[in-house]
Amino acid sequence: MGGHEWRNEYAKKAASVMSEVSYSQALNMALREEMRRDPRVFCLGEDIKESTYGVTRGLYEEFGPRRVIGTPISETAIAGAALGAALVGMRPVAEFMYMTFMMSAMDQLVNQAAKMKYMFGGRALLPIVFRTMAGAGRSNAAQHTQSLETWFAHAPGLKVVMPSTPYDAKGLLKTAIRDDNPVIFIENKLLYATAKEQVPVAEYTIPFGQAAVRRTGEHVTIVGLQRMVEIALAAAAELASAGIEAEVIDPRTLVPLDLDTIVASVQKTHRLIVVHEAHERMGAGAEIIAQVVAHAFDYLDAPPQRIANPNVPTPFNRMLEELSIPSVAQVVAAVQSLLS
Amino acid sequence: MSTLPSAPSINREGLNDDQLRQFYVTMLRIRRFEEKVKELFLDARLYGSVHLYIGEEAVAAGACAALRDGDVISSTHRGHGHGIAKGLELGPMMAELMGKATGYNFGKGGSMHIASLDHGMLGANGIVAAGIPIATGAALGFWIRGSREVALCFFGDGGANHGAFHEGINFAATLKLPAIFLCENNHYAQYQPVTQDLPVSNVADRAAAYGIPGVIVDGADVLAVYAATRRAAERARAGEGPTLIEAKTYRFEGHFLGDPESYRAKEEVAAARTERDPLTRFATLLTQLGLAGAEDFQRYDDAVRQEVAAAVAFAESSPEPSPDLLLTDVYDVDGRA
């Protein structure tokens with residue numbers, strides 16, 4: 001995945017010693033480094049000792065049963081326990097195996113964790129990371145594929161992070177763990193294994209609220225969320241052969257959102273497409289487009305477009321599921337239509 | 001003061017005379033505070049949604065006296081008594097109830113979210129049973145650190161039927177966390193009688209499902225609540241895990257101020273006020289033990305009424321929060337996203 005431009009940019013910033021790692025290994029590195037750095041950091045969640053997707057693999061062996069806590073299948077308890085532990089000075093990293101499972105814990109996540117600082121008049125630090133995994137593409141049908149980032153982005157008090165590369169996964173998770181707010185940290189099911197790149201062995205973090213320009217171009221801006229960055233880059237490569245240069249922006253964090261980078265890009269390209277896996281209706285695309293319209297209306301040469309999952313649950317059938325996820329062909333067609 | 005010949009033989013749980021008197025004073029502070037809240041609310045000097053703790057004072061007073069500094073509590077929508085028993089001051093509490101800038105939460109929480117982490121008060125809570133997993137988490141933090149603090153969760157009989165009850169207590173029991181789950185069974189989940197909600201006789205019976213002790217105490221008996229909580233705290237500090245305590249209590253007021261109370265007979269409430277008033281009962285005991293007499297009780301009452309009046313004066317003379325506060329405190333550090 002990805003072009004070489006931005007990888008080189010990272011390499012300049014980072015230490016010279018690199019290691020080829022997958023997205024899940026990068027997350028594992030971040031957890032290990034932060035747990036070594038701060039004894040208040042601990043992990044809890046279902047089957048995290050064995051680790052279904054490898055993110056917490058080996059941590060139990062290094063940090064033991066009081067820092068790597070396998071819980072019952074009790075999402076409300078996981079979320080509430082993370083919150084309670086934070087209130088007495090710990091820095092929990094709670095895992096929800098699938099984002100769908102967070103629906104079982106919405107009271108603790110949205111009624112409690114998100115609001116507590118405000119309700120307490122600011123007199124609380126809530127350094128909690130709620131890690132989870134979203135996205136479709138593995139025939140998991142409707143309940144194990146949801147991308148619910150906007151549910152959480154809608155709740156003041158939560159930050160929402162969506163890394164698309166191993167480098168970002170590591171740097172953003174370290175930032176999330178050091179942040180004093182509840183962070184919804186969304187990982188992607190397919191990227192765990194498919195995304196691989198050179199990641200510095202040395203310490204680095206990535207600040208929240210700084211989008212990455214994955215490819216520069218002057219004809220159209222494509223904002224992609226998480227795995228849709230891949231789709232956008234593939235579409236951009238295809239369009240380039242037809243002489244169309246797309247600028248691809250990866251917001252990396254939805255809350256806080258780096259609107260400046262997106263607006264600056266649209267002021268240059270005059271066209272905007274937002275691509276995400278979440279359903280189209282009331283999705284992040286709606287918010288991003290509304291913000292761009294408010295801030296760069298006079299620069300727009302065409303109505304901004306959304307490419308997203310249709311407003312249906314994810315089907316099981318492989319062909320139907322494929323149809324439900326934004327595709328390279330859809331993005332290419334949308335760009336061509338915007339420019340025609 | 002000499003002990004009267006008729007003094008009953010009671011287990012004082014190792015408490016000295018002053019500690020016993022203090023139980024009464026704590027309950028009285030809660031009672032008078034709540035009575036004043038009711039009066040202010042009915043006079044429209046205080047707004048919002050208010051749930052009074054009158055009738056249940058012995059639970060908070062007994063339980064919190066069994067805790068140490070550093071121990072924490074999570075509370076409910078009926079949380080004023082818990083806060084007072086845990087050491088919160090009446091002035092900033094009343095100010096919070098009035099939404100004033102000098103309240104514990106700068107007026108942003110109100111009655112149902114009053115909190116003071118400095119006092120180990122992790123918050124009243126507008127969501128039934130939500131404090132259970134939160135207390136489990138505080139206990140988890142203590143357990144990870146290997147420290148000796150305890151987390152105590154107050155919840156109601158209504159909360160005992162919420163999924164969070166099962167998840168929180170089960171998780172705490174699996175790790176033998178230093179937690180105490182204290183059910184204040186006041187016999188009504190808002191309007192619905194507990195007999196309709198509970199297919200077993202006691203909430204405490206459910207402890208068996210988690211392999212932890214289930215203890216029933218008379219919630220109008222402050223000493224009994226204290227004794228049960230102290231034993232639960234000792235057990236928790238010794239690494240033996242949580243205890244589920246059920247205090248059978250009764251709220252003398254409606255679920256909230258303004259509740260028409262059509263679901264229970266006036267006679268039932270009147271009988272409870274006569275027979276199950278924790279203050280009257282404990283005053284009788286103190287009298288029988290020769291630890292306080294009519295003059296003492298008058299003195300306590302005068303002092304507490306003065307303290308409550310001062311809290312009201314403080315709250316009413318306090319400024320409203322600045323409009324700037326609307327947008328702050330959503331996030332740390334700068335408070336904005």
### Query
What about B:Arg206, is it of a type outside the set (Gly, Ala, Ser), crowded, with 20+ Cβ neighbours inside 10 Å and not in a strand (DSSP E or B)?
yes
### Query
Residue check, A:Glu46 against (1) at the interface with another protein chain (Cβ under 8 Å from one of its Cβ atoms); (2) surrounded by fewer than 22 Cβ atoms within 10 Å (Cβ to Cβ), all met but one. Which one?
(1)
### Query
Among the residues of region A:303-333, which ones are of a type outside the set (Asp, Glu) and open to solvent by less than 20 Å² (accessible area, probe 1.4 Å)?
A:Ile307, A:Ala308, A:Asn309, A:Thr314, A:Ser324, A:Ile325, A:Pro326, A:Val331, A:Val332
### Message
Looking only at residues that are among the charged types (D, E, K, R) and either touching a Lys or Arg at 6+ places or on another chain (Cβ under 6 Å) or surrounded by 14 or more Cβ atoms within 10 Å (Cβ to Cβ) (or both) in region B:297-333, which one is farthest from the other protein chains (Cβ to nearest Cβ)?
### Response
B:Asp301
#### Entry: helices (runs of 4 or more DSSP H) contained in region A:1-119 and holding at least 2 residues within 30 Å of B:Gly103 (Cβ to Cβ) and modelled with pLDDT of 95 or more
A:75-87, A:114-119
### Query
Looking at (1) in contact with a Lys or Arg (Cβ under 8 Å, 6 or more places away or on another chain); (2) among the aromatic types (Phe, Trp, Tyr); (3) closer than 27 Å to A:Ile262 by Cβ, which is the one condition that is false for A:Tyr118?
(3)
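Residue-wise test of (1) polar (S, T, N, Q); (2) touching a residue at least 60 places away in the same chain (Cβ under 8 Å); (3) within 10 Å of chain A (Cβ to nearest Cβ).
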{"site": "B:Ala95", "(1), (2), (3)": "no, yes, no"}
{"site": "B:Ala101", "(1), (2), (3)": "no, yes, yes"}
{"site": "B:Tyr104", "(1), (2), (3)": "no, no, yes"}
{"site": "B:Gly109", "(1), (2), (3)": "no, no, yes"}
{"site": "B:Gly120", "(1), (2), (3)": "no, no, yes"}
{"site": "B:Ala124", "(1), (2), (3)": "no, no, yes"}
{"site": "B:Ala129", "(1), (2), (3)": "no, no, yes"}
### Task
Kindly provide the set of residues from region B:159-174 that are under 14 Å from B:Gly141 (Cα atoms) and in contact (Cβ under 8 Å) with a residue 40 or more places away in the chain, ordered by number.
B:Ala172
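For region B:166-201, how many residues are touching a strand residue (DSSP E or B) at 6+ places or on another chain (Cβ under 6 Å) and crowded, with 18+ Cβ neighbours inside 10 Å? If you could, list the steps in order and put the result at the bottom.
Taking region B:166-201 first, the residues touching a strand residue (DSSP E or B) at 6+ places or on another chain (Cβ under 6 Å) are B:169, B:172, B:179-185, B:197.
Now restrict to residues that are crowded, with 18+ Cβ neighbours inside 10 Å: B:169, B:172, B:179-185.
Final tally of qualifying residues: 9.
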### Query
Can you name every residue in region A:117-127 that is open to solvent by less than 20 Å² (accessible area, probe 1.4 Å), touching a residue at least 12 places away in the same chain (Cβ under 8 Å) and within 7 Å of chain B (Cβ to nearest Cβ)?
A:Lys117, A:Ala124
### Query
Since A:Asp301 meets every condition but one in (1) assigned to a loop (DSSP other than H, G, I, E, B); (2) among the charged types (D, E, K, R); (3) under 30 Å from A:Thr205 (Cα atoms), which condition does it not meet?
(3)
### Task
Could you check, for region A:154-170, whether at least one of its residues is part of a helix (DSSP H, G or I), of a type outside the set (A, V, I, L, M) and over 15 Å from the mean Cα position of the chain (by Cα)?
no
## Note on the structure
Quick count over region B:254-287, residues being open to solvent by 20 Å² or more (accessible area, probe 1.4 Å) and acidic (Asp, Glu), is 4
### Query
Residues that are over 11 Å from the mean Cα position of the chain (by Cα) and buried (at least 19 other Cβ atoms within 10 Å of the Cβ): which helices (runs of 4 or more DSSP H) entirely in region B:1-106 hold 2 or more of them?
B:17-42, B:90-97
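The values are calculated or read from the model by the stated rules, or taken from the named source; none is laboratory data. Please read all numbers here as calculations on a predicted model, not as lab measurements. Please note: Cβ atoms are built from the backbone with ideal geometry, for glycine as well, and neighbour counts cover all protein chains shown. In case anyone asks, the SASA skips ligands and DNA or RNA and just uses the protein heavy atoms, side chains included. Shrake-Rupley method; radii C 1.70, N 1.55, O 1.52, S 1.80 Å.
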